[in-house]
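Have a look at the structure below, then the notes.
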Amino acid sequence: MPSHSNLYVLLRAHTATRVPALRSAIASLLCHTLSNGILFQHDPDEVSLWLDSLPSFRRSPDAEAPDGAPLTDESQAVGLFLDDSAQRCIKTPYRYIEDLQKLSSSLSNDAADSSMSSDDFVEHTSAYPSALLMTVLEQLEAKLRAKLLSASDTLAIMSFVRRLVLKLMTKTSTLSLLHEFAKKIENILQPHALFEDYPVMTKAIRREASIMIILFEHPFYHEDINAEMASSDVQDFLNQLEEMALRKSHVI
Amino acid sequence: MLFSSYRAIFANQRRTEAPSADVQQKAAYELVDWFRLVNQPVTASDIVRLIAVIERFWKPALKEFMKYLSPEQMSSWFKTKCVSPSGEIQYVSRVFHMKQQDLKVFIRSDFDDLVWQLNEECLNDLVCQNAVVSSLFTGPPKVYDLKRALRALLHRLAASTDRVQTASGLLALLAAIMSQARGVIDPNSFNELQHLCLQSSAIRFYCNKPLSEALRRGNFIQYTYRTPI
């Protein structure tokens with residue numbers, strides 16, 4: 001049976017507990033521990049953004065998607081993925097810091113983004129996300145290529161990454177680096193790299209990436225589109241649900 | 001799909017037993033999964049109905065549900081009107097924010113989402129503005145959180161330079177946050193917030209051009225800088 005790191009145990013405990021005081025205590029412990037290490041010493045407050053992006057889902061053991069893909073524990077999937085990414089980042093941190101710096105420098109060549117330069121990177125590391133973000137990018141691609149992630153795991157990780165990027169947008173003064181990161185993620189999630197046996201899951205995974213990218217590229221898309229037509233299948237399902245919820249309240 | 005919890009609820013109903021809290025929780029989360037995976041358009045009124053059902057099953061799952069609304073779904077949902085218990089027609093957003101105080105915690109923790117999802121109608125709605133701003137000040141505010149909220153608004157403002165009504169609402173929100181912050185954080189921290197705003201390309205853009213009437217209603221500069229500290 002594989003042994004888990006302390007980080008994984010704490011991440012799992014953080015997402016599993018339903019007791020707010022306990023959750024807050026575990027979050028404080030994680031923030032304290034991680035902010036002293038290489039991952040978050042540049043900005044101790046960033047830890048909370050990563051923790052707030054974790055899933056807090058509960059599922060039945062037999063849950064499955066309409067295309068038959070098993071739906072498994074999201075917090076476990078994200079916890080394992082983050083733990084593995086963190087161990088790799090801690091082992092060779094400079095590699096990922098350089099990746100982050102390269103991404104930032106490549107953007108500084110763009111005249112429209114003169115605020116990004118390698119000097120800025122060195123002087124203002126607290127304004128940049130953790131290098132762990134680059135490990136997440138690398139590992140998502142590597143694990144998908146090696147078929148090490150299930151459809152459910154990939155959806156969980158992508159939902160986490162989307163939420164994280166949205167939160168990281170509030171700690172950086174420019175969005176170009178995160179936009180570039182989002183484009184790289186979208187590029188990884190091409191249909192052929194995902195799960196052809198599970199088209200519904202593949203679509204849901206790609207939807208997460210497109211919601212993320214739309215904020216950078218078409219921030220007013222949602223204000224400009226017309227309302228979608230109602231689906232009769234959805235209406236039928238909602239009618240059944242409401243009837244069920246009503247009966248439930250009568251029973252209770 | 002995803003009906004294991006619902007089957008359990010039906011079975012309990014036949015035996016006239018109340019479903020356990022565990023079954024209800026899972027049923028609520030299964031609905032969130034259904035929403036993530038449904039391959040059909042889900043309209044704003046569908047979302048209102050879904051929220052009501054999830055709330056009945058397990059209210060805390062609402063927070064999870066809101067995380068998966070796309071910007072256009074959130075925006076169209078905000079535009080939906082409904083009738084309040086007093087018979088007054090209100091925006092769903094207004095009922096949602098003002099009637100359920102515990103959901104202010106949701107707004108606070110997901111401020112980053114909300115900033116991108118509020119449409120211009122909501123941004124310029126005073127009740128909606130108050131709800132969003134007061135969510136940041138429900139407890140002692142952390143300067144880090146206020147900076148994050150300001151940056152989120154400034155990013156959207158930078159993308160809204162050709163949208164007068166949106167920019168006006170965002171400036172009003174910035175002004176309201178700064179105005180409240182002035183009274184509750186120390187002067188040095190408040191200076192940091194001012195510095196953050198003044199350094200932003202969005203505020204610099206508006207400082208360098210004559211403002212329209214709609215933008216002046218945002219009153220950001222007046223609220224933020226009128227009194228020297």
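Brief remarks follow.
- Listed by position, the helices (runs of 4 or more DSSP H) inside the stretch A:1-96 whose residues that are more than 14 Å from chain B (Cβ to nearest Cβ) and closer than 20 Å to A:Leu166 by Cα number at least 2 are A:74-91.
- Tabulated pairs, the stretch A:172-188, first on the phi < 0 side of the Ramachandran plot and within 13 Å of chain B (Cβ to nearest Cβ), second in a loop (DSSP other than H, G, I, E, B) and charged (D, E, K, R), C-beta under 9 angstrom, 6+ apart or interchain: A:Ser176/A:Asp110
- Considering only residues in the stretch B:70-90 that are more than 9 Å from chain A (Cβ to nearest Cβ) and crowded, with 21+ Cβ neighbours inside 10 Å, the one that is modelled with the lowest pLDDT turns out to be B:Phe78.
- Looking across the stretch A:150-170 at every residue that is part of a loop (DSSP other than H, G, I, E, B) and surrounded by 21 or more Cβ atoms within 10 Å (Cβ to Cβ), the one that is farthest from the other protein chains (Cβ to nearest Cβ) is identified as A:Met169.
- Residues in the stretch A:36-63 that are crowded, with 17+ Cβ neighbours inside 10 Å and farther than 16 Å from A:Leu7 by Cβ: A:His42, A:Asp43, A:Asp45, A:Leu49, A:Pro55, A:Ser56, A:Phe57, A:Arg58, A:Arg59, A:Ser60, A:Ala63.
- For the stretch A:175-194, filtered to residues that are surrounded by fewer than 19 Cβ atoms within 10 Å (Cβ to Cβ) and of a type in the set (S, T, N, Q), the residue that is modelled with the lowest pLDDT is A:Gln190.
The values are calculated or read from the model by the stated rules, or taken from the named source; none is laboratory data. Just so we're clear, the structure is a prediction, and the values are computed from it rather than from any experiment. In this analysis, Cβ positions are derived from the backbone assuming ideal geometry, glycine residues included, and neighbour counts consider all displayed protein chains.
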